[in-house]
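To keep things clear, I will list the structure first and then write my remarks on it.
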Amino acid sequence: METTAGGPGSWSENILQYFLRNNHIKTEDGAQITWYHAANHKAQMNEALKSTAHMIEADVLLPSEGSDQSQPIMAHPPETSSDNTLQEWLTEVTKSNKGIKLDFKSLAAVEPAMMLLENVKKHLKRPVWINADILPGPNGNSRVVDAKPFIDTVTSFFPDVTFSLGWTTGWHPEKVNEGYSWTMVKEMECICNELSQPVTFPVRAALVRQSCSQFLWLLKKSNRYSLTIWTGKNDNYSIEDLLYIRDYFDKKQVFYDILEPQNYEFKQAIGIKVNL
């Protein structure tokens, strides 16, 4: 039986509804969702599968030129090799009930990855998020994944998927960091308002508080939109910043893919029990 767009078991099913339906969370609150980040190598993938995380995030790329492998592997730049191919990764992850987020840093890996995903589609009755940075953002570089071919390629294989579309960003401890400008946010809305799929916008925790007006405007543009708050390893931001974001937005529209110890402190502050 084919699942309907956004319906139970479809790739575009809202992750809160999916995990609520499967009794993995208690309320429709984005802060309830837990993440395992960079589950690329086999050791991290296996750890992620054994963990209590609801969503597993991993990075897909094509190996460097001259490599024996021509199929997509699981690695985050600057790495160019891995002990894990996307095919092996999917074989293991499809045995679980965890949601999937695949992150692409280049266009080259997208089509071969979609072909591999197509082979396991019938085993993946759960949310699947496909991520790329398609626009330059605050302090970001211009090495973005070209939006139109990226979206077109993914959609040609899977019209029913959740897109995670972001901005390249940078953060500098020694200077004032500007947030996401109106121009950046409006350019993203211009791309996404023509889509029919759910879209989550990955935004950097250290840059969100000063951009709340922009993101509130963006999320009001469509009930398909959400934010995924993420953090750089050395970013400096406070739990108060996260609490401010939580108060400012609808709890159903914001997810928190943040690192420890801030994740634990944030969950403690809002009364969500964390399994360590």
Residue check for Ile33: touching a Pro at 6+ places or on another chain (Cβ under 9 Å), at pLDDT 95 or above and more than 23 Å from Arg143 (Cα to Cα): no
Residue satisfying condition, being within 30 Å of Lys148 (Cβ to Cβ) and out of contact with any helix residue (DSSP H, G or I) (no Cβ under 9 Å at 6 or more places or on another chain), within set Asn263, Asn223, Asn193: Asn193
Any hit, segment 79-97, residues being surrounded by 14 or more Cβ atoms within 10 Å (Cβ to Cβ), within 14 Å of the chain's Cα centre (by Cα) and not hydroxyl-bearing (Ser, Thr, Tyr): no
Tabulated pairs, segment 76-88, first more than 18 Å from Ala132 (Cβ to Cβ), second among the small types (Gly, Ala, Ser) and surrounded by fewer than 16 Cβ atoms within 10 Å (Cβ to Cβ), C-beta under 8 angstrom, 6+ apart or interchain: Thr80/Ser64; Thr80/Ser67; Ser81/Ser64; Ser81/Ser67
Close pairs (9 angstrom Cβ cut-off, 6 or more residues apart or separate chains): within 15 Å of Leu219 (Cα to Cα) in segment 160-188, among the acidic types (Asp, Glu) and open to solvent by less than 40 Å² (accessible area, probe 1.4 Å) anywhere: Ser164/Asp103
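Can you tell me which residue in segment 17-49 is most open to solvent (accessible area, probe 1.4 Å), limited to those that are touching an Asp or Glu at 6+ places or on another chain (Cβ under 8 Å) and in a loop (DSSP other than H, G, I, E, B)?
In this case the residue turns out to be His37.
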Meets criteria (more than 20 Å from Tyr225 (Cα to Cα) and polar (S, T, N, Q)) for Thr91: yes
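A quick yes/no check of all residues on (1) at pLDDT 95 or above; (2) in contact with a Gly (Cβ under 9 Å, 6 or more places away or on another chain); (3) of a type in the set (D, E, K, R):
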position	(1), (2), (3)
Trp217	yes, no, no
Ser222	yes, no, no
Leu227	yes, yes, no
Tyr237	no, no, no
Glu240	no, no, yes
Lys252	yes, yes, yes
From Ser142, Ser181, residue being under 14 Å from Phe215 (Cβ atoms), more than 15 Å from the chain's Cα centre (by Cα) and among the polar types (S, T, N, Q): Ser181
So Lys101, is it at negative phi, in a strand (DSSP E or B) and of a type in the set (Lys, Arg): yes
All positions within segment 219-263 that are in a helix (DSSP H, G or I), touching a Leu at 6+ places or on another chain (Cβ under 8 Å) and surrounded by fewer than 15 Cβ atoms within 10 Å (Cβ to Cβ): Tyr248
Flag if Phe249 is closer than 14 Å to Asp29 by Cα and not β-branched (Val, Ile, Thr): yes
Within segment 23-64, considering residues that are charged (D, E, K, R) and within 17 Å of Lys251 (Cα to Cα), the one farthest from the chain's Cα centre (by Cα): Lys26
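The values are calculated or read from the model by the stated rules, or taken from the named source; none is laboratory data. In this text the structure is predicted, and so the values were computed from the model without any measurement. We place every Cβ from the backbone using ideal geometry, glycine too, and count neighbours over all the protein chains shown. Only protein heavy atoms, including side chains, enter the accessible area calculation; ligands, DNA and RNA are left aside. Shrake-Rupley method; radii C 1.70, N 1.55, O 1.52, S 1.80 Å.
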